[in-house]
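Inspection log for the structure reproduced underneath, given as C-alpha cells.
Each reported figure results from applying straightforward, stated rules to the coordinates on display, with no laboratory input. Every value quoted in this text rests on a predicted model; they were computed, and no experiment measured them. Positions of Cβ are backbone-derived with ideal geometry, glycine not excepted, and every protein chain shown enters the neighbour counts.
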Amino acid sequence: MSGKALVIDANILIRSVLGTRTRALLEHYCERATFFVPASALGEAEEHLAELVAKRGGDIALATKLLRTLAALTEVLQEETYVEHRQEAIELLARRDPEDWPVLAAALAIGCPIWSEDNDFFGCGVAVWTSDRVERYLKS
C-alpha cells in the first residue's frame, strides 16, 4: 500500500465518470495513495451510472468502460476482506443507511478514512473526506 489510503464510496466513482474534478484527483493521486473500493460499491456505481447516463441520453457502454478504467486505479475488495466488521458497520449506520455497511466495514478493516459525498457516513467513527477537501488529506 502506498502512503495514504482511502475507501471510496460508489458516489465518488460515479462522479469520476460524469465529471472531471473527482476523476482528476483519482488519476493524479493513484500513484501516491491506495484507493480501496468494496466490490459491492463498484457494482452499485455501475448500476446507478447506467441509469444516470440513460436519463441524460449518453452512451452507457462508454460510461461503463470509463468506470472500469477508473476502477483499475483502485484496489477492489471482496467481502471476505471486511466482513468481520459487518455488524459493527450496520450498527453505526443504523439511523442513516445500513445498506452502506460495506464501505464503512472496509474502512474499519483497513483502518483508513472514507471518501464520499454521502452525509450518512458523518459521525460514524471514521474520518470522512468529501471531494472538495480530500486533496488536503492526500497532500499531507
Fill in: Answer from 77, 26, 6 - the residue that is surrounded by 19 or more Cβ atoms within 10 Å (Cβ to Cβ), within 16 Å of residue 138 (Cβ to Cβ) and in contact with a Pro (Cβ under 6 Å, 6 or more places away or on another chain)
6
Item to complete: Return a yes/no flag: does the stretch 23-41 have any residue that is closer than 24 Å to residue 132 by Cβ, within 16 Å of the chain's Cα centre (by Cα), assigned to a loop (DSSP other than H, G, I, E, B) and in contact (Cβ under 8 Å) with a residue 40 or more places away in the chain.
Response: yes
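With the stretch 46-140 as the region, which helices (runs of 4 or more DSSP H) entirely inside it contain at least 2 residues that are over 26 Å from residue 32 (Cβ atoms) and hydrophobic (A, V, I, L, M, F, W, C)? Don't jump to the end; show me each part of the working.
Details: elements: 60-71, 86-92, 101-110, 134-139.
Output list reads 60-71, 86-92.
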Worksheet item: Taking the condition touching a residue at least 12 places away in the same chain (Cβ under 8 Å), of a type outside the set (Val, Ile, Thr) and surrounded by fewer than 22 Cβ atoms within 10 Å (Cβ to Cβ), does residue 120 pass?
Response: yes
Item to complete: Answer yes or no as to whether residue 62 is surrounded by 13 or more Cβ atoms within 10 Å (Cβ to Cβ) and of a type outside the set (S, T, N, Q).
Response: no
Discussion item. List the residue pairs whose Cβ atoms are under 7 Å apart, where the first residue sits in the stretch 72-99 and is under 19 Å from residue 11 (Cβ atoms), the second is of a type in the set (D, E, K, R), and the two are 6 or more positions apart or on different chains.
Written reply: 73/27; 93/100; 93/120; 96/120; 97/120
Discussion item. When the residues of the stretch 80-117 are narrowed to those that are aliphatic (A, V, I, L, M) and closer than 23 Å to residue 135 by Cβ, which ends up surrounded by the fewest Cβ atoms within 10 Å (Cβ to Cβ)?
Written reply: 110
Discussion item. Exactly one of these conditions fails for residue 61: (1) under 25 Å from residue 133 (Cα atoms); (2) without any contact (Cβ under 8 Å) to a residue 12 or more places away in the chain; (3) of a type in the set (A, V, I, L, M, F, W, C). Give me its number.
Written reply: (1)
